[in-house]
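Report on the structure given below.
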Ligand code: IMP
């Protein structure tokens, strides 16, 4: 019998502001008191896994063990069919750059440009299909850990379009639409995204 959630506190084990916003919105109807890993000063563990599942579990377990509170982590990314599933777990790394002042940072337009450059090298008839994956891991301080996987299929467009969302949203068109995710209202994206898919599975098990 899965453990019920629905009241009490839950740590959202992410330091990514875009994800924190989306996860908090998805949990809002379920009455949890969401705390962010950043506001609790929790360390950001190294994402050394080779799969979305491994990385989500690393983050959720680290937060649950250091906070003593049930913790939820998300690992997600973009996989491109013509690139054999890359960037996959390295989706965020493809945006890494050294800023002018010497400080590291992330530039999503750089990352989207890298993907597009590789697709262009593959030629004009390249398969532009891609998918976002999301794995949610929920970890209790006593060691129990469960994972839920979600996915949304689509294709990549160029140039980027839209100002909403985050990350690779401006180049991702979900199947059956002509708009990019960055042209979706947040509520609409929450209904169809890979994160929404994983959340629906988690909510069915632990809430209600
Ligand atoms: P990580 O899960 O923190 O390793 O980061 C995965 C990266 O995938 C994010 O930083 C985003 O760039 C990208 N990503 C994940 N979900 C989405 C999404 O819903 N829209 C756009 N990009 C996403």
If you take the alpha carbon radius of gyration of segment 12-124 and divide it by 2.2 N^0.38 Å, what ratio comes out, to two decimals?
1.23
Report, in degrees rounded to the nearest 10, the 0 to 90 angle that the Cα long axis of helix 194-206 makes with the longest principal axis of the chain.
20 degrees
Overall Cα dimensions of segment 162-208, principal axis frame, Å, largest first
35, 20, 15
With axes computed from alpha carbons, what is the tilt in degrees of helix 108-121 against the longest principal axis of the chain, rounded to the nearest 10 within 0 to 90?
50 degrees
How large are Rg and Dmax for segment 85-165 when calculated on the C-alpha trace, in angstrom?
16.5, 53
Give me the angle, in degrees from 0 to 90, between the Cα long axis of helix 52-67 and the longest principal axis of the Cα atoms of the chain, rounded to the nearest 10.
40 degrees
Could you tell me what percent of the DSSP beta bridges with both partners in the chain are antiparallel, to the nearest 5?
80 percent
If a/c stays under 1.5 just call it rounded; otherwise compare a/b with b/c (prolate if a/b is bigger, oblate if not). Do that for segment 55-104, with a ≥ b ≥ c from the square roots of the Cα gyration tensor eigenvalues.
oblate
So, in Å, what gap is there between the alpha-carbon centers of segment 165-208 and segment 1-66?
18 Å
Taking Cα pairs closer than 8 Å and at least 6 residues apart, the relative contact order of the chain in percent is 19 percent
Using the alpha carbons of segment 135-192, what is the convex hull volume per residue in cubic angstrom, as a whole number?
100 Å³
Here the Kirkwood hydrodynamic radius of segment 8-206, Cα-based and in Å, equals 17.4 Å
Which shape class, rounded, prolate or oblate, goes with segment 1-78 when its Cα gyration tensor gives a ≥ b ≥ c as root eigenvalues, a/c under 1.5 marks rounded, and past that a/b bigger than b/c marks prolate?
rounded
In deg cm²/dmol, rounded to the nearest 500, the helical mean residue ellipticity at 222 nm of the chain, built from -39500 (n - 2.57) for every DSSP H run of length 4 or more, is -9000 deg cm²/dmol
What ranking, highest mean first, results for peptides 35-46, 69-80 when packing means the other Cβ atoms within 10 Å averaged over each residue?
69-80, 35-46
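Readers should treat all values here as calculations from the given coordinates under stated rules, not as data from a laboratory. Treat the numbers as computed from the prediction; the structure is a model and nothing was measured. Cβ atoms come from the backbone with ideal geometry, glycine included; neighbour counts cover every protein chain shown.
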